[in-house]
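Please read the structure below before turning to the comments.
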Amino acid sequence: MSVLDLARPEIRALQAYASARMESATGNLLLNANESPWAPPGDAGLACHRYPEPQPLALLEALGLLYGVESNRLLIGRGSDEPIDLLLRAFCRAGQDAILIQTPVFGMYAVSARIQGAAVLEVPLAESFVLDTGAVLNALTPAVKLVFVCRPNNPTGQDVALADIVVLLRALNGRALVVVDEAYTEFADHGSAVSLLDHYDNLVVLRTLSKAWGLAGARIGCLLADARIVTLLRKIMSPYPLPRPCVELVLMALSEEEKTRTRQHIADLREQRELMRDVLVMLPGVRTVLPSQTNFLSVRFDDADVALSRLSMAGIVVRDVRHYARLGDTLRITIGTAAENARVLAALEGHRSFAQVCERSTDA
Ligand SMILES: *Cc1c(COP(=O)(O)O)cnc(C)c1O
């Protein structure tokens, strides 16, 4: 049995669209793609009048190096949201197949499933929002093709042990893919599940440049998986998903010098996260702060409405996650610079005027 047996048969059989740029282009006068001969204003050598490479070689190499995989196991998408959608479309038949998620969790898995017409099996995370492998395996039905694990979890911030991923991979071998979304893994103490790719062909890992790498606006994310899965998903991807300016920006961010700078930013954010937690737990009105391995803290308040209005009066926008089951008192606060975090704390303390808060943050 091959992992591809889990995919929709019509997708496996599909003849992919062959774009002009994918066909050989060895000449020096490109008249095969109906492009303009003139570069647009502000092009600065990017040659944006030309279609981009579908999966730019330089970017595949840089990301392969960053994540420690060969480039044939790498699919680069428009953020990691795109691979999530591609997985749904390739593996779930509308009205028949399903995904399984552990809640509360990032909303896109269920949204992509519903767009595709796939059912969503929701299994609550265990006490303290820990992944419950037993509950997942109990809830499993033959319809489930994708089991999503958010590691560390958004919106609760807690980690998932690699050993638990292995339990799922073994139990689901031949039955379903385990999709480990590591959007926040750079902020965690743990190592990436990428290390398991050699051993389990039903593992898919999602990584993104949107969070730790500071490139949310460039929309670049990756799927790492068995090369056959990558090939299958490329068939259903739009022909030119990666805009040249975005690719250039990411290549710059992945130079050795910039990587060092980003690693420093990650270390700073991790330190700020712990400092914030230490102060937040002492603030009146704060019930508790959930443990976090991410760049955010989910904070339980006695009265989240009061906290929200104090923050909003100070011009601070945080994520209201009270609509999630078991998070009825919780706001999710992203960790910013030291000055930004000080502004959050001052606003929550509630006895400083807006002006003083701003003053304090510009001083810092
Ligand atoms: C932010 C986020 C993503 C989406 O990231 P993009 O790469 O920007 O699409 C995926 N998964 C989780 C859990 C996230 O929080």
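The values are calculated or read from the model by the stated rules, or taken from the named source; none is laboratory data. Bear in mind that the values here come from a model prediction, so they are computed numbers and not experimental data. No Cβ is skipped: glycine too gets one built from the backbone with ideal geometry, and neighbour counts run over all protein chains shown. Heads up: the accessible areas ignore ligands, DNA and RNA and are worked out on the full protein's heavy atoms, side chains in. Shrake-Rupley method; radii C 1.70, N 1.55, O 1.52, S 1.80 Å.
Quick notes on this structure:
- Accessible area expressed per residue, the chain, with surrounding protein chains retained (probe 1.4 Å, Å²): 46 Å²
- Area accessible to solvent at VAL166, 1.4 Å probe radius, in Å²: 30 Å²
- Rg followed by Dmax, in Å, when the chain is reduced to its Cα trace: 22.4, 70
- Largest to smallest accessible area among THR260, THR103 [probe 1.4 Å]: THR260, THR103
- Expressed as a fraction of 2.2 N^0.38 Å, the C-alpha radius of gyration for the range 86-134 is 1.20.
- Electrostatic dipole magnitude of the chain [Cβ: Lys, Arg +1; Asp, Glu -1; Cα centre; debye, to 20]: 680 debye
- Taking the longest Cα principal axis of the chain as reference, the axis of helix 354-363 is set at about 60 degrees.
- Accessible area ranking (1.4 Å probe, heavy atoms, ligands and nucleic acids excluded), largest first, for TRP213, TRP38: TRP38, TRP213.
- Rg then Dmax, both in Å and based on the Cα atoms of the range 225-283: 19.1, 53.
- Of the solvent-accessible surface of the range 5-67, computed with a 1.4 Å probe over protein heavy atoms with every protein chain present, carbon and sulfur atoms account for 57 percent.
- With every protein chain in place, the range 82-241: carbon and sulfur % of accessible area (1.4 Å): 53 percent
- Using only alpha-carbon positions in the range 128-251, the gyration tensor eigenvalues give semi-axes of 26, 19, 12 Å once each is multiplied by 5 and square-rooted (largest first).
- The largest accessible area among THR231, THR294 belongs to the first residue in THR231, THR294, and the rest follow in falling order (1.4 Å probe, all chains).
- Straightening the chain between LEU65 and ASN32 buys 8.6 nm, computed as 0.36 nm per residue apart minus the Cα-Cα spacing.
- The accessible area of GLU122, taken with all protein chains in place and a 1.4 Å probe, comes to roughly 110 Å².
- Rolling a 1.4 Å probe over the protein chains gives TYR240 an accessible area of about 50 Å².
- Converting the Cα gyration tensor eigenvalues of the range 1-105 into ellipsoid dimensions via √(5λ) gives semi-axes, longest first, of 34, 19, 15 Å.
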